[in-house]
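Have a look at the structure below before the remarks.
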Amino acid sequence: MGVIKDNPIGMFDSGLGGVSCLGQGIYLLPNERFVYFGDSGVAPYALLSKTEVKNLCFNACDFLVEKAAKAIVVACNTATSVALADLRKKYDIPVLGIQPAIKPAVSFGLTGKIIVMATSMTLQSKMVDNLIDRYGEGYEFVKLPCRRLITLVESGTIDGIEIEGAIKECFKDLDPNNISTVVIGCTHFGFLKKAIKKVLGNHIRIADPNEGIIRHLKSILEQENLLTDKMIDDPMVEIYNSGGEVFIENSKKMLEKYLLRIS
Ligand code: DGL
């Protein structure tokens, strides 16, 4: 089947986290259609083996290709870190992968520690070390795995005392006064920017890769003449989730909240 410009953009994540990237996509590309797949039935990916994660990524992309995706965004840093190169080999449509926002964090040029919040699989990957080697000279980075936060976001909790308590617990060995920047290195944490600032203080800058990847996607679609010419009034989004209806409903609620916060 030929790829056409009115086909949807496909996105996937291990679960609900990528919905933050979807929100940014809808905000910056309001005329596009989107099809989103969350793999909450098996999340978190970071607890699986790399081979299992790769296989799940192939399944997710096969599903999105069946839904006629004209491009795919891997809206999961963990999946990008283990599978992006192989996915690009298999599919003949553009495949982009989100990565922790280390380059944008460095571009702020602030004095103080840069905290990279991501899964342990992402933090142990070459992807993160390569980004730090390439852009981070002269900066001090701290790798912070925050597993409990993923579980909470998967259950739809993105505000309130429970999530704030869990953020405090993650940062318990760090003095907020010595931190300049927090890097969002897991799409689940794209929902927690407000809560992170509430816990650590307003002086903290947050570097989130969602905007950058959507701008990159836009330029690729432009180059390949794949941006739609249609004008639509309401976002056209289909959401699927291997965990079933509750996760789909939570995804929709979280998408709504995200869109309210950025608009
Ligand atoms: N949202 C995923 C990421 O960006 C979470 C990973 C997981 O399921 O372990 O890395």
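Tell me, please, whether a residue that is outside any helix (DSSP H, G or I) and either within 18 Å of I72 (Cβ to Cβ) or in contact with a Lys or Arg (Cβ under 8 Å, 6 or more places away or on another chain) (or both) can be found in the stretch 188-207.
Checking the stretch 188-207: at least one residue is outside any helix (DSSP H, G or I) and either within 18 Å of I72 (Cβ to Cβ) or in contact with a Lys or Arg (Cβ under 8 Å, 6 or more places away or on another chain) (or both).
With (1) within 16 Å of the ligand (Cβ to nearest atom); (2) under 19 Å from G23 (Cα atoms) as the list, and V182 as the residue in question, which single condition is left unmet?
All conditions are met except number (2).
Go through the stretch 231-255 and count every residue that is modelled with pLDDT under 95 and out of contact with any strand residue (DSSP E or B) (no Cβ under 9 Å at 6 or more places or on another chain).
Residues in the stretch 231-255 being modelled with pLDDT under 95 and out of contact with any strand residue (DSSP E or B) (no Cβ under 9 Å at 6 or more places or on another chain): 3 in total.
Just to verify a result, which residue in the stretch 56-81, among those that are more than 14 Å from the ligand (Cβ to nearest atom) and in contact with a strand residue (DSSP E or B) (Cβ under 7 Å, 6 or more places away or on another chain), is farthest from G25 (Cα to Cα)?
F63
Would you check which residues across the stretch 1-55 are among the charged types (D, E, K, R) and within 11 Å of the ligand (Cβ to nearest atom) and list them?
D13, D39, listed by residue number.
Considering the stretch 135-179 alone, what residues qualify as being surrounded by fewer than 20 Cβ atoms within 10 Å (Cβ to Cβ), under 14 Å from M117 (Cβ atoms), touching a residue at least 60 places away in the same chain (Cβ under 8 Å) and away from the ligand (no atom under 16 Å from the Cβ)?
Within the stretch 135-179, L174 is the sole residue that qualifies.
For the structure I just gave you, tell me whether A195 is without any contact (Cβ under 8 Å) to a residue 40 or more places away in the chain and at negative phi.
Taking the combined requirement at face value, the residue satisfies it.
Can you find even one residue in the stretch 82-96 that is in contact with a strand residue (DSSP E or B) (Cβ under 6 Å, 6 or more places away or on another chain), free of Cβ contacts under 8 Å to residues at least 24 places away in the same chain and away from the ligand (no atom under 16 Å from the Cβ)?
There is at least one residue in the stretch 82-96 that is in contact with a strand residue (DSSP E or B) (Cβ under 6 Å, 6 or more places away or on another chain), free of Cβ contacts under 8 Å to residues at least 24 places away in the same chain and away from the ligand (no atom under 16 Å from the Cβ).
In the stretch 97-114, which residues are more than 10 Å from the ligand (Cβ to nearest atom), crowded, with 24+ Cβ neighbours inside 10 Å and not small (G, A, S)?
I102
Quick check on my filter: what residues within the stretch 211-241 are out of contact with any Leu (no Cβ under 9 Å at 6 or more places or on another chain) and either assigned to a helix (DSSP H, G or I) or over 20 Å from I26 (Cβ atoms) (or both)?
Within the stretch 211-241, G212, S219, E222, Q223, E224, N225 meet the criteria.
Pull up the stretch 161-187, narrow it to residues that are polar (S, T, N, Q) and not in a helix (DSSP H, G or I), then point me to the one that is nearest to L131 (Cα to Cα).
The residue in question is T181.
The values are calculated or read from the model by the stated rules, or taken from the named source; none is laboratory data. Small disclaimer: the values here were computed from a predicted structure and weren't measured. Cβ atoms come from the backbone with ideal geometry, glycine included; neighbour counts cover every protein chain shown.
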